[in-house]
1. Counting other C-beta atoms within 10 Å, and keeping those with at most 12, which DSSP coil trypsin sites (Lys or Arg not before Pro) do you find in the stretch 158-252?
2. Between the stretch 14-35 and the stretch 86-100, how far is it from one alpha carbon centroid to the other, in angstrom?
3. Just from its helices, what would the mean residue ellipticity at 222 nm be for the chain, if runs of 4 or more DSSP H residues each count -39500 (n - 2.57) and the sum is divided by every residue, rounded to the nearest 500 deg cm²/dmol?
4. Quick check: residue separation of LEU466 and ARG224 times 0.36 nm, minus the Cα distance between them. What number comes out in nm?
5. Which option, [x] 215; [y] 192; [z] 160, is the value of volume of the Cα convex hull per residue in Å³ that was calculated from these coordinates?
6. Aspartates and glutamates within cross-link reach of LYS373: Cα-Cα under 16 Å, excluding same-chain residues under 8 positions apart?
7. Report the gain in length on full extension from LEU160 to THR190: 0.36 nm times residue separation, minus Cα-Cα distance, nm rounded to one decimal.
8. Would you please give the FRET efficiency between GLU455 and ASP289, computed as 1/(1 + (r/R0)^6) with r the Cβ-Cβ distance and R0 = 30 Å, to the nearest 0.05?
Amino acid sequence: MKSKFKHFFDSQKRPKVIVIGDLILDEYIWGSVNRVSPEAPVPILESKSENMALGGAANVANNLVALGCEVYLVGALGRDEKGDRLLGLIQERGIRTEGIYRFVHRPTTSKIRVIAHNQQILRIDKEDNRPITEETEKKFISFINKTLPEMDGAICSDYLKGVLTPKILNSVMHRARNSKKPVIIDPKQTDFSAYQGATIITPNLKEVEAASPIKINNDADLERSAEYLIGLAKCDALLITRGKDGMSLFQSKKEPINISTVAKEVYDVTGAGDTVISVFGAAIFSDFDYGEAARLANMAASIVVGKVGTAAVSLEELNEFLEEEMLRSSKTILAREDLKTLASQAKSTGKTVVFTNGCFDLIHGGHIEFLQKAKTLGDILVVGLNSDSSVRSLKGKERPIKRQEERANILSALKYVDYISIFDEDTPENLIREVRPDILVKGDDYSIAEVVGREIVEGYGARVQLIPIVKGLSTTNIVNKILESHNKE
């Protein structure tokens with residue numbers, strides 16, 4: 001995964017993407033409200049400024065361009081002033097416009113948002129959401145058939161404004177399947193059978209509830225709904241955005257992956273779905289697996305909701321977020337899933353993750369020296385700590401002397417230790433599989449062949465390293481000396 005992220009950020013070659021869907025002009029009126037109208041009980045906005053931005057499928061294209069992708073946009077505009085402005089914004093961003101067609105009978109879709117004190121107070125929609133004509137469909141299908149095979153993937157951004165008709169969708173799926181290109185869809189239709197043949201669909205929780213006959217009250221209901229929709233759409237996966245609860249990735253016959261939100265502050269969720277599908281798509285088209293792509297998209301969503309208005313996330317912002325924000329966790333003692341995510345993000349930015357494990361009951365000088373040497377081998381030192389029940393299983397019912405919370409807190413106070421995770425099993429094998437460290441470290445009182453987890457790390461190309469330990473210094477020896485001293489007294 002580390003090499004994939006490095007390639008994603010450093011490579012001069014970016015995916016070529018065709019984006020098909022509804023083009024929207026987002027207009028903003030910014031101001032402040034300080035009084036109420038004498039004519040009616042409504043606030044008066046004192047207008048300060050106005051601006052326009054790319055919306056709908058155009059915003060998806062804008063986000064992809066911000067990530068360095070080459071983008072071909074397919075959609076419809078009216079032959080009107082708003083269409084002129086939207087086309088101009090699209091061209092300014094360097095998006096290819098050969099697939100954009102303009103029509104007298106169809107006005108350009110626009111959304112006017114009135115914002116006071118950085119909060120939306122009103123939205124005005126101007127649109128014609130009737131399906132496009134058969135003649136227009138033929139133009140789109142001809143362009144898609146010609147262009148899609150040369151792309152790395154396709155994204156369909158459905159806002160139910162009439163562009164993604166059944167014929168257009170069937171054409172995209174058929175051409176993509178024959179060209180072996182992935183198709184990702186941001187849906188608005190409640191019948192997901194309309195998207196049959198898509199690779200991945202990215203609904204939000206509200207869209208899942210509308211499309212599924214299952215009432216969603218908990219995670220189990222959501223999992224059943226996802227399974228139903230995957231079967232209905234015959235897709236590989238469903239990436240469901242869940243607002244403050246982050247997102248969940250469901251894949252056929254695999255355990256779901258739940259990713260917690262990492263947003264610090266939420267100012268505006270406008271266009272967050274566009275950012276998610278753009279970053280997720282760019283990662284998928286760059287050969288990331290679905291889980292890796294989802295985590296990257298989750299970070300991007302966390303950035304964009306901190307902005308006001310329709311916005312894109314740049315490659316530089318995403319890279320900075322990865323390197324500076326996610327690795328500055330004030331929380332040292334982590335649950336396994338959180339540690340897995342953090343270790344993955346650390347390695348994605350080129351950090352070397354070192355892992356060791358133990359009971360660490362009555363921490364002594366030998367432990368300190370060992371952890372200090374382990375830390376010098378990499379950037380991040382992760383300690384797997386045996387739980388109380390695990391220690392009892394290994395050492396007997398009289399151990400541990402200190403409870404797991406106390407042992408973990410003492411370890412977290414050491415400057416050499418970055419993260420700790422407590423495990424209940426007798427061995428740390430499952431934890432090692434989750435963290436996938438670059439280096440697995442043990443003391444030289446073991447041989448490399450004896451190190452638990454050696455086969456796991458060597459299996460994915462990592463290594464085991466032994467560190468000299470202080471001879472004769474152990475918790476057991478300390479306990480025995482204390483008992484001997486007590487007995488003599």
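All of the numbers you see were taken from the coordinates with simple rules; none came from a lab. Please read all numbers here as calculations on a predicted model, not as lab measurements. Virtual Cβ from ideal backbone geometry, glycine too; neighbours counted across all protein chains shown.
1. On the way: sites: LYS161, LYS167, ARG175, ARG177, LYS180, LYS188, LYS206, LYS215, ARG224, LYS234, ARG242, LYS244; in loops: LYS161, LYS180, LYS188, LYS215, LYS234, ARG242.
Within the stretch 158-252, the qualifying trypsin sites (Lys or Arg not before Pro) (loop, at most 12 other Cβ atoms within 10 Å) are LYS180, LYS215.
2. Centre-to-centre (Cα) distance: 14 Å.
3. On the way: 17 runs with 183 residues, N = 489.
Here the helix-only value at 222 nm equals -11500 deg cm²/dmol.
4. Details: separation 242, 0.36 × 242 = 87.12 nm, distance 4.65 nm.
Extra length from LEU466 to ARG224 when fully extended: 82.5 nm.
5. Given [x] 215; [y] 192; [z] 160, the structure-derived one carries the label [y].
6. ASP418, ASP438, ASP444, ASP445
7. On the way: separation 30, 0.36 × 30 = 10.80 nm, distance 1.05 nm.
Going from the current span to full extension adds 9.7 nm.
8. Values: r = 22 Å, r/R0 = 0.75.
Calculated transfer efficiency: 0.85.
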